[in-house]
2 protein chains.
Amino acid sequence: MNQLRAQANGRPVLGIPEATVARLPVYLRALTGLGETGMRTVSSEQLAAAAGVNSAKLRKDLSYLGSYGTRGVGYDVEYLRYQIAREIGVNQDWAVVIIGIGNLGQALSNYGGFRSRGFRIVALIDGDRSRVGEMHGDLPIHHIEKLDELVAEHACSIGVIATPGDAAQEVADRLVAAGVTSILNFAPAVLAVPDGVDVRKVDLSIELQILAYHEQRKRAPGEEVQA
Amino acid sequence: MNQLRAQANGRPVLGIPEATVARLPVYLRALTGLGETGMRTVSSEQLAAAAGVNSAKLRKDLSYLGSYGTRGVGYDVEYLRYQIAREIGVNQDWAVVIIGIGNLGQALSNYGGFRSRGFRIVALIDGDRSRVGEMHGDLPIHHIEKLDELVAEHACSIGVIATPGDAAQEVADRLVAAGVTSILNFAPAVLAVPDGVDVRKVDLSIELQILAYHEQRKRAPGEEVQA
DNA sequence: CATTGTGAAGATCTTCACAGCG
DNA sequence: CGCTGTGAAGATCTTCACAATG
């Protein structure tokens, strides 16, 4: 329902396929790594290997961004890195609140990979009043009643939910009411949100279950020969 | 390359589509929730709503498992839950080792959602000798030199990597050498593993980047009208 | 007769293979 | 010549819409 791509100026527009969007951060990471080794130029073959995809897919993905390569040569590492970062929005500053400061919330608040990609954690929030004031790194825990205030103060558009499942919907409602329009949900719950709000869900136990499914298949071959 | 589905006995065989496999745990969770509320029977419409998908997709997905519904009525909650659990392998006992006991590794080791789905964490492992013996819950940290021994002792087929990115490949090699055939990788690194070993990757910062991409698009509409 | 199960149509994603170009 | 960029083919996934049926 999109696909109005590349126009006059060569810059793309609307409608980078979701599958491509999901891989751009991987390419970005790979380019950053290659750049740190001093490499100046990279072929689609090399970059694809570093990113763990095949080169046709990589070239197709990059073609949605524009024509940033040089035929016969490859891509300029730094230039491509910049273009992808701009496309994703990672060279902006994103204020993030984390709600639910259990083990996972703490792990997330300490995760170095956020800061280096433009995500700045501006507040830690919990519903348990007895934990208010507790420091994690240089951030104190606030009570969830302060959510509106904190979101407004930091112009925060992204919220991370790391609460138990049964608290997640209420937290999501509060986030939406406070003006947050993107939610990363670690809680085991399906969230209902209004149009215009994006939710992405990470479920640790689902990933393990998918592995288990395949593991089980490795172990029980031959089950198919029994009509 | 698969699609040899449903045979004589009605039981499916090989080739449940990946997209379906990835949703089965979601249905399982939804069914467990519905079951706890006392619901005995559920229509595809209701279950789809609880799982956050549309009902046509749900029915198509379930059809790959067999014909477990009753026309005009719906699905028996408990029976369907059992069938999905069996299909995924969640009613088995899966021994899991976690390598890298930083914030994330600790969060994972405490995560209740694993145990209840048949995943039993049998060992915590770290490369830092000074942390050996440290207790987390009822498990001590072992040094990575003990990996082979621990994997063998617990007949462990799944490993979780929660180390920094630069240690991940070496850890993966060790896991494979020890006999682990499924790896859940939280480290920011693309892992090379032999055929027959499955790797799934969870990258927390990638999820945030995907949100940022869409968030950016919400804010800058109209960029497309400038040839 | 409400609801499942499913062919068929449509959408999206991947891969191929090669024309185009530096 | 080497490598990108991309139409076109192929694979997979989603949705439609309705026949089958308990």
Legend entry - Qualifying positions in region A:61-71 - near DNA strand D (Cβ under 6 Å from one of its atoms), part of a helix (DSSP H, G or I) and over 15 Å from A:Q46 (Cα atoms): A:S63
Inset, instruction - Inspect region B:145-161 for any residue being over 25 Å from B:V90 (Cα atoms) and in contact (Cβ under 8 Å) with a residue 40 or more places away in the chain and give the result as yes or no. - result: no
Inset, instruction - State all residues of region A:28-56 that are more than 14 Å from chain B (Cβ to nearest Cβ), without any contact (Cβ under 8 Å) to a residue 40 or more places away in the chain and more than 9 Å from DNA strand D (Cβ to nearest atom); if no residue qualifies, say none. - result: A:G38, A:M39, A:R40
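Taking region B:162-172 as the region of interest, how many residues are within 23 Å of the chain's Cα centre (by Cα) and without any contact (Cβ under 8 Å) to a residue 40 or more places away in the chain? Write out each step before concluding.
Step one: filter region B:162-172 for residues within 23 Å of the chain's Cα centre (by Cα), giving B:162-165, B:167-172.
Those still in the list that are without any contact (Cβ under 8 Å) to a residue 40 or more places away in the chain too: B:165, B:168-170, B:172.
Summing the residues that are within 23 Å of the chain's Cα centre (by Cα) and without any contact (Cβ under 8 Å) to a residue 40 or more places away in the chain in region B:162-172 gives 5.
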Inset, instruction - Residue by residue through region B:1-33, note down the ones that are within 21 Å of A:L204 (Cα to Cα) and either at pLDDT below 95 or open to solvent by less than 50 Å² (accessible area, probe 1.4 Å) (or both). - result: B:P17, B:T20, B:V21, B:A22, B:L24, B:P25, B:V26, B:Y27, B:L28, B:A30, B:L31, B:G33
Inset, instruction - Restrict the check to region B:113-121 and report whether at least one residue is touching a His at 6+ places or on another chain (Cβ under 9 Å) and within 24 Å of A:F186 (Cβ to Cβ). - result: yes
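Going by the structure shown, is A:V193 open to solvent by 40 Å² or more (accessible area, probe 1.4 Å), β-branched (V, I, T), modelled with pLDDT of 95 or more and under 30 Å from B:G89 (Cα atoms)? Spell out the reasoning first.
On the way: open to solvent by 40 Å² or more (accessible area, probe 1.4 Å): yes; β-branched (V, I, T): yes; modelled with pLDDT of 95 or more: yes; under 30 Å from B:G89 (Cα atoms): no.
Judged against the criteria, A:V193 is not a match.
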Inset, instruction - Please report, ordered by residue number, the strands (runs of 3 or more DSSP E) entirely within region A:72-190 with at least 2 residues that are more than 12 Å from chain B (Cβ to nearest Cβ) and modelled with pLDDT of 95 or more. - result: A:74-76, A:94-99, A:119-126, A:139-143
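Can you say whether A:I141 is surrounded by 18 or more Cβ atoms within 10 Å (Cβ to Cβ), in contact with a helix residue (DSSP H, G or I) (Cβ under 6 Å, 6 or more places away or on another chain) and in contact (Cβ under 8 Å) with a residue 60 or more places away in the chain, as far as the supplied structure shows?
Details: surrounded by 18 or more Cβ atoms within 10 Å (Cβ to Cβ): yes; in contact with a helix residue (DSSP H, G or I) (Cβ under 6 Å, 6 or more places away or on another chain): yes; in contact (Cβ under 8 Å) with a residue 60 or more places away in the chain: no.
No: the conditions fail for A:I141.
The values are calculated or read from the model by the stated rules, or taken from the named source; none is laboratory data. Here the structure is a predicted model, which is why all the values come from computation and not from measurement. Cβ: placed from backbone, ideal geometry, glycine included. Neighbour counts: every protein chain shown. Accessible surface areas use protein heavy atoms only, side chains included; no ligands, DNA or RNA. Shrake-Rupley method; radii C 1.70, N 1.55, O 1.52, S 1.80 Å.
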